[in-house]
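Written below as structure tokens is the structure these notes are about.
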Amino acid sequence: MEWALVLIALAVLAVAAVSGRLSGTMATPAMAFVAIGLVLGPKVLGEVEPSTNGEAVRTLAEATLALVLFSDASRINLGVLRRQAGVPLRLLAVGLPLTIVLGALAAAMFDNMTLGEVLVLGVLLAPTDAALGQAVVTEPRLPSRIRQGLNVESGLNDGICVPLLYIVLATADVDSHVASSHHAVTIVLEQIGYGIVGGVGAGALTVAVVVLAGRRNLIAGSWLQVIPIAGATLAYASAAALGGSGFIAAFLAGTIFGRLVRRDPTEITTVIDELGELLSGVTFVVFGAVLLGPALGHLTWRIVLYGVLSLTLVRMLPVALAMLGTHARRQTVAFLGWFGPRGLASIVFALIVVQESHLPQAQTIEVVTYFTVALSVLLHGVSAAPLADRYARWFESHPAAERPAMESQPVEHHPARRSLAESTRR
């Protein structure tokens with residue numbers, strides 16, 4: 001285990017050393033981390049063994065997701081979102097449910113999957129991770145409405161999918177006769193209910209510390225940045241201790257924090273953003289070594305086909321339907337549809353399914369998810385910078401007075417999560 005930590009630390013140092021060169025290229029930090037993980041894993045060097053790291057992997061991934069959920073939720077300005085909800089609201093209210101349904105329908109290609117299991121797979125691969133295509137949400141030449149739409153969608157859809165996951169997972173357990181309906185309902189109510197309790201309590205306490213202690217100048221500047229990390233940890237840990245979902249708690253606490261603290265989030269959330277990105281990098285190294293490497297030995301043509309469909313038809317058709325009536329150009333619809341990378345949330349959700357459920361097709365669900373995430377890291381990473389540049393050039397090719405009306409409408413800024421490359425360049 002000690003040597004595994006040494007190798008992971010060396011991987012982070014190596015990526016940090018070239019992070020400035022990676023920015024804006026067809027190679028991304030996530031791609032580098034997954035590739036390094038594959039090399040360290042049992043398929044090549046065998047320095048990181050899957051059998052000894054199951055709990056460590058889940059702990060790392062869950063801690064990372066809790067920080068990311070709190071950070072993403074705290075940056076969303078609900079007032080701005082209500083006024084400018086066009087693109088993100090359509091992507092979340094129409095595109096997300098349709099993506100889950102279409103993903104479940106596509107999963108019918110797998111033999112012996114129950115209705116609950118196909119729904120679980122649909123939810124697992126519905127959340128998007130904009131950080132895997134960072135150029136798309138940070139390229140200033142892109143129409144702000146499109147860039148911010150993808151940014152807000154990514155910031156909210158993983159939090160929305162958490163309660164959905166527990167509901168469909170309970171349904172799948174009942175369908176597979178591994179749990180009674182009464183037990184399943186109890187688990188769902190506990191996960192959501194205690195998650196809300198933990199999130200509200202931690203969010204309110206964190207806000208109180210910032211507002212009340214801040215008014216009296218009791219908080220040192222350096223410690224102000226630590227408070228969101230403590231708040232996210234408190235939300236996750238308290239909900240988990242009660243028997244609820246720490247992810248629901250972290251997301252809700254971040255929402256409360258961002259809504260009530262009434263300060264520029266970048267003044268307070270820089271450190272939690274950077275810590276979340278650092279842990280994301282470590283998670284992708286471990287993902288490549290411990291999860292993806294072994295999963296590649298179980299690939300079938302159905303799994304490969306599902307991964308391709310998940311990143312294309314399953315995502316792009318719902319987005320196209322969601323954008324009907326907006327007068328968005330086909331270039332815009334294609335751009336929004338393609339850039340729905342699958343990442344950290346899908347990995348964590350799959351770990352929950354494997355370790356907490358007893359579904360007969362859990363291994364198939366696991367392998368499908370890991371392969372799809374890996375394929376997304378590769379394809380979205382390679383395509384982000386060149387397609388963002390191509391779309392920006394298409395938009396700029398129209399004279400200012402003749403630019404497409406839907407795309408050219410300006411929106412207020414929602415800060416994007418800082419990429420690891422940006423963090424290490426500072």
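The values are calculated or read from the model by the stated rules, or taken from the named source; none is laboratory data. Computed from a predicted model, the values in this text were never measured in an experiment. Reconstructed Cβ throughout: ideal geometry from the backbone, glycine too, with neighbour counts over all protein chains shown.
For region 171-212, the set of residues classified as small (Gly, Ala, Ser) and at pLDDT below 90 consists of Ala172, Ser176, Ala179, Ser180, Ser181, Ala184, listed by residue number.
Table: residues versus (1) under 30 Å from Leu291 (Cβ atoms); (2) modelled with pLDDT under 90.
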position	(1), (2)
Leu379	yes, no
Arg390	no, no
Trp394	no, no
Pro415	no, yes
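Rundown of residues vs (1) closer than 20 Å to Gln361 by Cβ; (2) in contact with a His (Cβ under 7 Å, 6 or more places away or on another chain), yes/no style:
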| residue | (1), (2) |
| --- | --- |
| Asn112 | yes, no |
| Gly116 | yes, no |
| Leu121 | yes, no |
| Ala130 | no, no |
| Gly133 | no, yes |
| Leu164 | yes, no |
| Ile167 | yes, no |
| Ala172 | yes, no |
| Ser176 | yes, no |
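Restricting attention to region 11-40 and to residues that are under 24 Å from the mean Cα position of the chain (by Cα) and assigned to a loop (DSSP other than H, G, I, E, B), the residue that is surrounded by the fewest Cβ atoms within 10 Å (Cβ to Cβ) turns out to be Met26.
Looking only at region 273-283, decide whether some residue is surrounded by fewer than 24 Cβ atoms within 10 Å (Cβ to Cβ) and over 24 Å from Ala61 (Cα atoms). Among the residues of region 273-283, not one is surrounded by fewer than 24 Cβ atoms within 10 Å (Cβ to Cβ) and over 24 Å from Ala61 (Cα atoms), which makes the answer no.
If you filter region 137-151 down to residues that are at pLDDT 85 or above and of a type in the set (A, V, I, L, M), you find that the one that is surrounded by the most Cβ atoms within 10 Å (Cβ to Cβ) is Leu150.
Kindly establish whether Tyr236 is among the aromatic types (Phe, Trp, Tyr), part of a helix (DSSP H, G or I) and surrounded by fewer than 24 Cβ atoms within 10 Å (Cβ to Cβ). When the stated conditions are applied, Tyr236 does not pass them. In region 297-328, how many residues are assigned to a helix (DSSP H, G or I) and either in contact (Cβ under 8 Å) with a residue 24 or more places away in the chain or in contact with a Phe, Trp or Tyr (Cβ under 7 Å, 6 or more places away or on another chain) (or both)? Matching residues across region 297-328 total 19. Number of residues in region 245-267 that are surrounded by fewer than 24 Cβ atoms within 10 Å (Cβ to Cβ), touching a helix residue (DSSP H, G or I) at 6+ places or on another chain (Cβ under 9 Å) and not hydrophobic (A, V, I, L, M, F, W, C) equals 7.
Restricting attention to region 107-121, the residues that are surrounded by fewer than 18 Cβ atoms within 10 Å (Cβ to Cβ), in contact (Cβ under 8 Å) with a residue 40 or more places away in the chain and under 20 Å from Val308 (Cβ atoms) total 1.
Among the residues making up region 348-365, those that are part of a helix (DSSP H, G or I) and more than 16 Å from Glu62 (Cβ to Cβ) are Ala362, Gln363, Thr364, Ile365.
State whether the residues of region 163-170 include one that is closer than 24 Å to Arg263 by Cα and either at pLDDT 85 or above or touching an Asp or Glu at 6+ places or on another chain (Cβ under 7 Å) (or both). Scanning region 163-170, I find no residue that is closer than 24 Å to Arg263 by Cα and either at pLDDT 85 or above or touching an Asp or Glu at 6+ places or on another chain (Cβ under 7 Å) (or both), so the answer is no. Only one of the numbered conditions (1) within 30 Å of Asp175 (Cα to Cα); (2) touching a helix residue (DSSP H, G or I) at 6+ places or on another chain (Cβ under 7 Å); (3) hydroxyl-bearing (Ser, Thr, Tyr) is not met by Thr283, and that is (1).
Candidates Thr270, Thr300, Thr233, Thr332: the one that is out of contact with any helix residue (DSSP H, G or I) (no Cβ under 6 Å at 6 or more places or on another chain) and within 30 Å of Arg141 (Cβ to Cβ) is Thr270.
The listed residues are Phe247, Phe284, and the only one of them that is part of a helix (DSSP H, G or I) and closer than 18 Å to Gly203 by Cβ turns out to be Phe247.
Filter region 353-384 down to the residues that are touching a Lys or Arg at 6+ places or on another chain (Cβ under 8 Å) and over 15 Å from Thr300 (Cα atoms), then identify the one that is surrounded by the fewest Cβ atoms within 10 Å (Cβ to Cβ). By that ranking, first place goes to Gln355. Among the residues making up region 310-326, those that are under 23 Å from Thr364 (Cβ atoms) and surrounded by fewer than 19 Cβ atoms within 10 Å (Cβ to Cβ) are Thr312, Leu313. Against the conditions (1) within 17 Å of Gly116 (Cα to Cα); (2) assigned to a helix (DSSP H, G or I), Gln331 satisfies every one except (1).
Check whether at least one residue in region 353-360 is within 17 Å of the chain's Cα centre (by Cα) and over 30 Å from Ser176 (Cα atoms), and report yes or no. No; the residues of region 353-360 include none that is within 17 Å of the chain's Cα centre (by Cα) and over 30 Å from Ser176 (Cα atoms).
Does Ala289 meet the test of being more than 16 Å from the chain's Cα centre (by Cα) and surrounded by 24 or more Cβ atoms within 10 Å (Cβ to Cβ)? Considered against the rule, which asks whether it is more than 16 Å from the chain's Cα centre (by Cα) and surrounded by 24 or more Cβ atoms within 10 Å (Cβ to Cβ), Ala289 comes out as yes. Any residue at all in region 185-208 that is over 28 Å from Tyr166 (Cα atoms), surrounded by fewer than 18 Cβ atoms within 10 Å (Cβ to Cβ) and out of contact with any Pro (no Cβ under 9 Å at 6 or more places or on another chain)? Within region 185-208, one or more residues are over 28 Å from Tyr166 (Cα atoms), surrounded by fewer than 18 Cβ atoms within 10 Å (Cβ to Cβ) and out of contact with any Pro (no Cβ under 9 Å at 6 or more places or on another chain).
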